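Here is the structure we will look at.
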Amino acid sequence: MCGIAGYASLNGERPVDPGLIEPMMATMLHRGPDDQGTAVFEQVALGNNRLSILDLAGGHQPMFSPDGDLVVVYNGEIYNFPELRCELEARGRRFATNCDTELLLHLYAEQGRSFISRLDGMFTFALYDRKQQRLLIARDRFGVKPLYYMEQQGVLYFASEIKALRTVPGFDSTPDPRGISTLLGLMYIPDPWSVYRSVHKLRPGHYLEINRKGLEKGEYHDLDFGHKEDISRQEAVSQTGLLVRQAVKRQMLADVPVGVLISGGLDSRSVLTAASEVRPGLNSFTISFSESEFDEGGEAALWAGLLNSPHQPMLYREDEFCSQLLGRQKHLDEPYALWCNTASAAMARFIHQQGYKVILSGDGGDELFLGYPTVHAANAAKLYHLLPSAIRDRVIKPLARGLPAGSGRLPATFKLKSFVEADHHDLFRMFFGFKEVVRYADWPKLLTPEALALVGEHDPYIAFSQYLSKVKEWPFIDALSYFDFKVFLPGCSFAGADNAYMASSVELRVPFMDNQLAEFITKLPLKARFHPLKLKYLLHRAFQSEFPAVKRVDPRTLAAYKKNGFEVPGNTWLKHGKFIDLLRQVLSPKRLSATGFFRPREVNHILEDQLEGRQNNERVLQVIMSLVLFLDGSYQA
């Protein structure tokens, strides 16, 4: 795991500036404190900051082929490295290291660009073929690892974090209307946009190639839910259990200690259970809160105890959150509104302090096994639409709007209001509406005329509509699953986690993002994968029937587990003083007027409705806060 950066001449004529690579790499030392290296050629410059996980002494980057014709910088892990290495050695290739970085050089030498599709892992890399004058840049198929790039004055620049690109002289910091639009709608900016018009995110499963003809962009892999196999539910359950255990075992490859993140949820319990079969006595880590409704520490400790896993909880308090929130937002480089990311970064620091560089996570399980209530809500919306529109608009919607705000973590009234307010004749648009934070229809009331002129023509639904042509022939549930895989998973879940954990030099691995497991799940008929009344139906059955450790647990203990999405107790903290003071400071009329994007009076109404319990506006406030901090220059200060 590392941080990479570099740049290359696009026309093949203009030499690159050798003095830019060192400042770029200096901004990302946190991603790789163990080793640093750069290589500069006439047309290309490459840099790497290394976090040593495999072959601690032998994996220096940039890494060259024996003849010096190929050179690569790489960020990530290739989990099928042992199998691919054996295959190459059987054909006579010799390895000088035990590091998976070297694998990229050998595979490219034999297979050219097509080798990327053979990699099972999380990665971004840049490989320069000096003889062919070809630079190949790629991102893993699920988007676990980030890659940002921009073109400026005939040069393509790329890096693991935007902060490295901002060091380039003449950096264009003009905001991107599409990036801001999708932030307002979703709380984060999905691929391929960023907050800057000049900066793009390389999509998952895509590559960039600079050759003598110029810049080529392409796709080497995409999820395909269009081809199904005839398989029974029981066969699906059995194979899922096998593939989950295989994926976890594969991702435990490391020359340093490996730990596991655990909560009260099924995903992390499955990972810890499978990992404990491979390596008994693994340490597990949990973030806990004093606020009982948000705390899963008890459930996590119980499960860790059942598996004899030494358990290390970290209690996270409001004082710590308030002292860390603004610094965390700055490190993110672009607006990312989820307050829980601050807690994730604190968890990463805690894990690092315990001497761990590698941690396994259950991220991706919701997307793979249909664990989000929004998917089931969209399915239920088919029945809701059987009601006459007049009943929905004139009776149900006014009743829902009159309900109390509720309290705690995503109260039922909040979910009901979101369902009703998202109502739309297009079910895909309604599905997006379940996730929409600042609704497009409300922009004229909240945004200033200048802000509307900037973003008003960009409905944030573009985050989904860019993929409509792909899913139009698929079953409805598969299409929704694809949206979550392509938009939320890389743009929110993985982007936030990578930034938070790499800030403390901790590699977060996600076993559910395994090539074989994902390909198997996408080919399953819906009857085997989806239950209209049960979340994660397939994983639940596999967990209870295919894992030996689970069979020894009292069924009543299993039934007691109840998982919610990871949130900090922001709604509760806003009933006290310290966090309210911080929020009022950021959203002061003076600051809002200076940034010129939100109407101060309307923001004040939103804040007061939250504090007085009239509305649950927590997510809206998160979006406003993150964008105000960006617009007033706090991210660049």
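Looking at Glu219, is it in contact with a His (Cβ under 7 Å, 6 or more places away or on another chain) and farther than 30 Å from Gln622 by Cβ? The answer is yes for Glu219.
Within region 293-321, being charged (D, E, K, R) and either modelled with pLDDT under 95 or surrounded by 16 or more Cβ atoms within 10 Å (Cβ to Cβ) (or both) holds for Glu293, Asp295, Glu296, Glu299, Glu318.
Looking only at region 44-59, decide whether some residue is in contact with a Gly (Cβ under 9 Å, 6 or more places away or on another chain), part of a loop (DSSP other than H, G, I, E, B) and within 20 Å of Val168 (Cβ to Cβ). No, because not a single residue in region 44-59 is in contact with a Gly (Cβ under 9 Å, 6 or more places away or on another chain), part of a loop (DSSP other than H, G, I, E, B) and within 20 Å of Val168 (Cβ to Cβ).
With (1) in a loop (DSSP other than H, G, I, E, B); (2) touching a Lys or Arg at 6+ places or on another chain (Cβ under 8 Å) as the list, and Gly3 as the residue in question, which single condition is left unmet? Gly3 satisfies every listed condition except (1).
When we screen Ser232, Ser238 for residues that are farther than 16 Å from His311 by Cβ and modelled with pLDDT of 95 or more, the only hit is Ser238. When the criteria are applied in full, Pro444 meets the requirement of being closer than 19 Å to Ile462 by Cα and either aliphatic (A, V, I, L, M) or out of contact with any strand residue (DSSP E or B) (no Cβ under 8 Å at 6 or more places or on another chain) (or both).
Taken over region 513-532, the criterion of being free of Cβ contacts under 8 Å to residues at least 24 places away in the same chain and over 24 Å from the mean Cα position of the chain (by Cα) is satisfied by His531 alone. Against the definition (at pLDDT 95 or above, over 27 Å from Gly364 (Cα atoms) and assigned to a helix (DSSP H, G or I)), how does Leu629 come out, yes or no? Yes; evaluated as a whole, the condition is true for this residue.
Taking only region 1-52 into account, find how many residues are touching a helix residue (DSSP H, G or I) at 6+ places or on another chain (Cβ under 9 Å) and of a type in the set (A, V, I, L, M). So the count comes out to 12.
Would it be correct to say that Leu253 is crowded, with 19+ Cβ neighbours inside 10 Å, of a type in the set (A, V, I, L, M), within 22 Å of Glu320 (Cβ to Cβ) and touching a residue at least 60 places away in the same chain (Cβ under 8 Å)? Judged against the criteria, Leu253 is not a match.
Does Gly76 meet the test of being over 23 Å from Gln133 (Cα atoms), in contact with a Cys (Cβ under 9 Å, 6 or more places away or on another chain) and not polar (S, T, N, Q)? Yes. A residue that is of a type in the set (A, V, I, L, M), in contact with a Leu (Cβ under 6 Å, 6 or more places away or on another chain) and either under 30 Å from Leu524 (Cβ atoms) or in the same structural domain as Glu602 (by TED's automatic domain parsing) (or both) cannot be found anywhere in region 481-493. Among the residues making up region 492-504, those that are surrounded by fewer than 23 Cβ atoms within 10 Å (Cβ to Cβ) and either more than 18 Å from Arg141 (Cα to Cα) or basic (Lys, Arg) (or both) are Ala503, Ser504. Of all residues in region 560-605, exactly one satisfies the criterion of being in contact (Cβ under 8 Å) with a residue 40 or more places away in the chain, assigned to a helix (DSSP H, G or I) and acidic (Asp, Glu), namely Glu602. Residue count for region 167-194 under the criterion of being among the aromatic types (Phe, Trp, Tyr) and within 21 Å of the chain's Cα centre (by Cα): the result is 2. Considering (1) in contact (Cβ under 8 Å) with a residue 60 or more places away in the chain; (2) surrounded by fewer than 20 Cβ atoms within 10 Å (Cβ to Cβ), the lone condition that Leu368 does not fulfil carries the number (2).
Against the definition (within 27 Å of Gly265 (Cβ to Cβ) and among the β-branched types (Val, Ile, Thr)), how does Val553 come out, yes or no? Against the criterion (within 27 Å of Gly265 (Cβ to Cβ) and among the β-branched types (Val, Ile, Thr)), Val553 qualifies. Somewhere in region 231-238, is a residue without any contact (Cβ under 8 Å) to a residue 24 or more places away in the chain, surrounded by fewer than 21 Cβ atoms within 10 Å (Cβ to Cβ), polar (S, T, N, Q) and closer than 26 Å to Met513 by Cα? Looking for residues that are without any contact (Cβ under 8 Å) to a residue 24 or more places away in the chain, surrounded by fewer than 21 Cβ atoms within 10 Å (Cβ to Cβ), polar (S, T, N, Q) and closer than 26 Å to Met513 by Cα, one finds at least one in region 231-238, hence yes.
Under the condition of being under 30 Å from Phe547 (Cα atoms) and not in a strand (DSSP E or B), the residues counted in region 298-341 number 13.
The values are calculated or read from the model by the stated rules, or taken from the named source; none is laboratory data. Source: prediction; values computed, not measured. In this analysis, Cβ positions are derived from the backbone assuming ideal geometry, glycine residues included, and neighbour counts consider all displayed protein chains.
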